[in-house]
Amino acid sequence: MNSSTPQQSTHELTFFSQFKNCILLGLLGILLGCLDQYASSSPLIDFDTTLEFWLFLVTLVAVFSKSRLNASIHSIILLVSTVLAYYLMFYLNLGFLPYQLFGIWLTIAVLSSVYALIIWNAGQKGIGAAILSSIPTAFLFKRGYYFLPDLLFNSEAAQVRIHYFGIDIQSGFNLVTAVVLYSIFFKITERRIILTVSTVIIFFIFKETGILSFLPF
């Protein structure tokens, strides 16, 4: 005789789903860490992931998580597994471990759980959520806006790019991720005007002040 109730079955399915998500995020983190280490050490690929890349990824994980707790757990599993895989590959390839960098990135990975816990609210509805969602979006816009040859923002750099036909891949990536985040939040929120205005205001705060100068990357 089956003594399980529908409620018990639902809890079991929920637990299995959460466990599966954690395993998948852990595997994704290991894959990203290995790919990142390969790209940063390969003479054929001049690319390395940055703080902006991980901010974008954790923001997506947090926003699409079902709860604050899930967002926190998912982000820390993803980033810690990435950092561990990256520096394990680093050690196997080069025979030593840069403890200072390893410690910095591991700290960032752990603190990402706090960020995810907070930013999860950006995926909700309301004025506070709209303003909160504009912060990572504005940050990525700040990091990537000069990819465009816009004379109003950075005429000197734009002239150099136009003259030498240079392409700043990292800035272009940051700009694309900013647009992606804005599009997601624009679709979620009911306060689209507030989202847009707050994104512009926070962008100019980041741009015109040294508030981001404390970042080590």
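Summary of values
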read-out: Qualifying lysines (Cα of each under 27 Å from Cα of LYS66; at least 8 residues distant if same chain); value: LYS20, LYS125, LYS187
read-out: Additional length obtainable on full extension of the chain from LEU27 to TYR91, 0.36 nm per residue less Cα span; value: 21.1 nm
read-out: In Hz, Karplus ³J(HN,Hα) per residue of region 140-145 (6.51, -1.76, 1.60; θ = phi - 60°; x = Gly, Pro); value: 5, 4, 4, 6, x, 5
read-out: J(HN,Hα) series, region 56-67, from Karplus relation 6.51 cos²θ - 1.76 cosθ + 1.60, nearest Hz, glycine and proline x; value: 4, 5, 5, 4, 4, 4, 5, 5, 9, 7, 7, 8
read-out: Where labels lie 7 Å past Cα in the beta-carbon direction, separation of ARG192 and ILE118 in nm; value: 2.8
read-out: Förster radius 22 Å - calculated FRET efficiency between ILE169 and LEU51 (Cβ-Cβ, nearest 0.05); value: 0.90
read-out: Cut-off under 5 Å, modelled amide H: who pairs with SER65 long-range; value: none
read-out: Residue-wise HN-Hα coupling along region 106-122, computed from phi with Karplus coefficients 6.51, -1.76, 1.60 (Hz; x: Gly, Pro); value: 5, 5, 4, 4, 5, 5, 4, 5, 5, 4, 4, 4, 7, 6, 3, 5, 5
read-out: P(r) of region 38-132 over all Cα-Cα pairs, binned every 10 Å from zero, in whole percent; value: 16, 40, 27, 13, 3, 0
read-out: Exposure of ARG192 as accessible area (Å², to 10), given a probe of 1.4 Å and all protein chains; value: 110
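The values are calculated or read from the model by the stated rules, or taken from the named source; none is laboratory data. This is a predicted model, so every value here is computed, not measured. Here the Cβ is made from the backbone with ideal geometry for all residues, glycine too, and neighbour counts use every protein chain on show. Accessible surface is based on the protein model in full, side chains and every heavy atom, while ligands, DNA and RNA are left aside. Shrake-Rupley method; radii C 1.70, N 1.55, O 1.52, S 1.80 Å.
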